[in-house]
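Below you'll find the structure, written out as C-alpha cells, and then a few comments.
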C-alpha cells in the first residue's frame, strides 16, 4: 500500500487538511501518517494537537521546533530544527508521498527535507499571491520543490504552469477548507456562547489579525486603528482569535489583550477556537474582520461579509462579499457601515465563491491515492508560450 505522510503546523492548515486526511483514512487504499508540529505543540497558542487527537486522528510524529521568541533569528533557527527533525524521520520511515498545504515558513523546511531525500511532494493551495507577506515567496518556492499540485482556482493553476510545472501534474479542484465548512455540524448561537462562556449577542465581529511579515509595523497600526473604531460601535462585540506565530506576533497579542482589559464585557479572546467552533462562530458573525485568509476563501461560502484590512491578502482572488480597506480609521468606518447595509448583506448571500463548491477533498484524495509516482521526482521545466 502507498504510504502518505501529511504535515500540519497550525490550526490554519489543519482546517483545510481535515477532510483530506479523513478521506485518505476512510479510503483504506493507503497508509496515512500524520506529522504535527509548529503551534500545534505550543501551549501559548492553545496546544491544538489536542484538537487533532480529539478528532480521532493518530499523531504519528511530533516535529517539535519550538522557538524562544518571534524575531527573524528565532524563526530561522526553528526552521533549521524542523528541517533536521524531518530529515531524520524520512530516513527512518520513508513515505511514498508527502502532502503539504499552504505557505507557512515551516512548510518550506519540510519540503526541503523531502526534496533532498527524493520523496515526491503534493502541494495544496499553490499559485496564489499574498503581496504583504513573505509567505508569497515561500509558497512559490514550495511549488518548485513539489511534484503534484492542487490549485484552488483556474487562475492559480495557470500561475503554477507559469512556474514551469507539467500540465498533467496540476489540478484545480477548489479549496478543501470549504469541504470542512459545509460538513461541520451547525451549532446555535446559544450553544457557542455556552462553550465560550461569553455572551456574544446578535452583533459581533470575528476578528483575526496576523503580522504582515513584509509590513509588520504598518499592520500593527491597522490593528490599533480597528480597535479604536470598534470603541465607537457600542452595540457590537468582538470574538478575537490569536495571530499566527510570526515575527512580532507577541506585540499583536499584547495589543488585543490590552483592548480586552479595557472592554471585558465586549471582547472575548481565544488562542484557538478549534475547527468546529471557529466555523460556527463564523456562521453567526456579523462579519469577519482582519487579514486572515479564512475571510477571503471560506467566508463567502456562508454568505457573510469580510472586512479585509491592509495588504496581507493583496493579490488573492476574492468574492464580491469582501470589503477591502486600507486600514485608515475612515476606511474601516465605511466598511463597518457596509456590513450593516441590508442590500450588501443580500449580495453576500448570493455572490458565490470563486474557491469552489465544497467538493474538492474527494477529488484530491483520489489523485493522492492513485496517481502514478514512478519517475514523478524527475521534473522538467515546461516553458510557457510568451505573448507580447
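Residue order for 185, 379, fewest other beta carbons within 10 angstrom first, comes to 185, 379.
Adding -39500 (n - 2.57) for every DSSP H run of four residues or longer, then dividing by how many residues the chain holds, sets the calculated 222 nm ellipticity at -13000 deg cm²/dmol.
Counted residue by residue at 0.36 nm each, then reduced by the alpha carbon distance between them, the extension gain from residue 94 to residue 261 reaches 55.2 nm.
Residues of the stretch 43-76 with an amide N closer than 17 Å to a point placed 7 Å from the Cα of residue 185 along the Cα-to-Cβ direction: 51-57.
Taking the number of Cβ atoms within 10 Å of each Cβ as an exposure proxy, the fewest-first ranking of 53, 1, 338, 282 is 1, 53, 338, 282.
Taking the number of Cβ atoms within 10 Å of each Cβ as an exposure proxy, the fewest-first ranking of 289, 229 is 229, 289.
Length available on full extension from residue 141 to residue 373: 0.36 nm per residue minus the Cα-Cα distance, which gives 81.4 nm.
Can you tell me what share of the DSSP beta bridges in the chain is antiparallel? A percent to the nearest 5 is fine.
Counting DSSP beta bridges with both partners in the chain, the antiparallel share is about 0 percent.
Summary of packing: across the peptides 90-96, 204-210, the per-residue average of other C-beta atoms within 10 Å ranks them, highest first, as 204-210, 90-96.
Under the rule a/c < 1.5 gives rounded, and otherwise a/b versus b/c splits prolate from oblate, where does the stretch 187-350 land using the Cα gyration tensor? Rounded, since a/c falls under 1.5. Each of residue 199 and residue 2 was given a label point 7 Å from its Cα along the Cα-to-Cβ line. The distance between the two points is 5.4 nm. Rounded to the nearest 10 degrees, the angle from helix 105-117 to the longest Cα principal axis of the chain is 0 degrees.
According to the square roots a ≥ b ≥ c of the eigenvalues of the Cα gyration tensor, what is the shape class of the stretch 72-148, taking rounded for a/c under 1.5, prolate for a/b larger than b/c otherwise, and oblate for the remainder?
Note, shape of the stretch 72-148 comes out oblate.
When mean projected area of the Cα convex hull in nm² is calculated for this entry, the matching label among (i) 30.0; (ii) 16.5; (iii) 18.8 is (iii). Taking every alpha-carbon pair under 8 Å whose residues sit at least 6 apart, the chain reaches a relative contact order of 18 percent.
Just so you know, all these numbers are worked out from the coordinates, no wet-lab data involved. Treat the numbers as computed from the prediction; the structure is a model and nothing was measured. Positions of Cβ are backbone-derived with ideal geometry, glycine not excepted, and every protein chain shown enters the neighbour counts.
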